[in-house]
Amino acid sequence: MIFTETKLKGAYIIDIKKLEDDRGFFGRAYCQREFEEYGLNTNLVQTNVSFNKKKATLRGMHMQQAPHAETKLVRCTRGAIYDVIVDLRPDSDTYKQWVGVELTADNYRMLYVPEGFAHGYITLEDNTDVTYQVTAFYEASAERGHRWNDPAFNIQWPLEPQLISEKDRSHPLLEATPEKSAV
């Protein structure tokens, strides 16, 4: 695997190192040893799948609050997404900064999202599947979210969202959120 750290410390783009021949290719999508070499969390306890019928569906920005904070390993397995993470670790040099990465079924790219980050994406194609592995079990009482268009982040989405759940539309702006729920 090829690990490329983003400008947000601890967040990585992970590409599969392809061993190709006439049949196609073989590569690793996960290796505990390689993740440990980069100091990444390897305690994957749950795998989630999200199916999205329509292009321009936006989901986000989601996270779980400590002590149920989770690391995510995200991959698009059908279609394409623009995946966005926001650093909400108050002591971080990149607090409130974001990174966006195009993940597609064709590029096999993954995004490693550390604890303390909000995560969301917009679909770039109809019939898009997203799979993410997480290091903490879902805990409804720890669920948090921030508005996808929060001016505190100024995320530059590649297209205008057409479908957003009422729950995601109703997430608070960061400035309206008590400080303790930011992480």
Identify all residues within the stretch 78-89 that are in contact with an Asp or Glu (Cβ under 7 Å, 6 or more places away or on another chain) and assigned to a loop (DSSP other than H, G, I, E, B); write none if there are none. Gly79
Could you say which residue among Leu44, Leu88, Leu19, Leu58 is more than 15 Å from the chain's Cα centre (by Cα) and not acidic (Asp, Glu)? Leu19
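Looking at the stretch 127-154, which of the residues that are of a type in the set (A, V, I, L, M) and open to solvent by less than 20 Å² (accessible area, probe 1.4 Å) is farthest from the chain's Cα centre (by Cα)? If you could, list the steps in order and put the result at the bottom.
Filtering the stretch 127-154 for residues of a type in the set (A, V, I, L, M) gives 130, 134, 136, 140, 142, 152.
Those still in the list that are open to solvent by less than 20 Å² (accessible area, probe 1.4 Å) too: 130, 134, 136, 142.
Values: Val130: 10, Val134: 10, Ala136: 14, Ala142: 17 Å.
Ranking the qualifying residues of the stretch 127-154, first place goes to Ala142.
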Return the residues of the stretch 1-17 that are in contact (Cβ under 8 Å) with a residue 40 or more places away in the chain and open to solvent by 80 Å² or more (accessible area, probe 1.4 Å); say none if nothing qualifies. Lys7, Lys9
Which condition number does Met110 fail, the rest of (1) of a type in the set (A, V, I, L, M); (2) open to solvent by 10 Å² or more (accessible area, probe 1.4 Å); (3) farther than 20 Å from Trp148 by Cα being met? (2)
Report, by residue number, each residue of the stretch 79-122 that is within 18 Å of Leu40 (Cα to Cα) and among the charged types (D, E, K, R). Asp87, Arg89, Arg109, Glu115
If you scan the stretch 1-40, which residues turn out to be polar (S, T, N, Q) and under 21 Å from Trp98 (Cβ atoms)? Thr4, Thr6
Please work out if Gln32 is open to solvent by 80 Å² or more (accessible area, probe 1.4 Å) and of a type in the set (S, T, N, Q). yes
Does at least one position in the stretch 67-75 carry a residue that is at pLDDT 95 or above, farther than 20 Å from Lys17 by Cα and assigned to a strand (DSSP E or B)? yes
Enumeration of residues in the stretch 1-54 that are among the basic types (Lys, Arg) and either outside any loop (DSSP other than H, G, I, E, B) or touching a strand residue (DSSP E or B) at 6+ places or on another chain (Cβ under 6 Å) (or both): Lys17, Lys18, Arg33, Lys54
The one condition in (1) closer than 21 Å to Arg147 by Cα; (2) crowded, with 16+ Cβ neighbours inside 10 Å that Ala66 fails to fulfil: (2)
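The values are calculated or read from the model by the stated rules, or taken from the named source; none is laboratory data. Fair warning: this is a prediction, and the values are worked out from it, not measured in the lab. Glycine gets a Cβ as well: all are built from the backbone with ideal geometry, and neighbour counts include every protein chain shown. The area values use the complete protein model at the heavy-atom level, side chains included, leaving out ligands, DNA and RNA. Shrake-Rupley method; radii C 1.70, N 1.55, O 1.52, S 1.80 Å.
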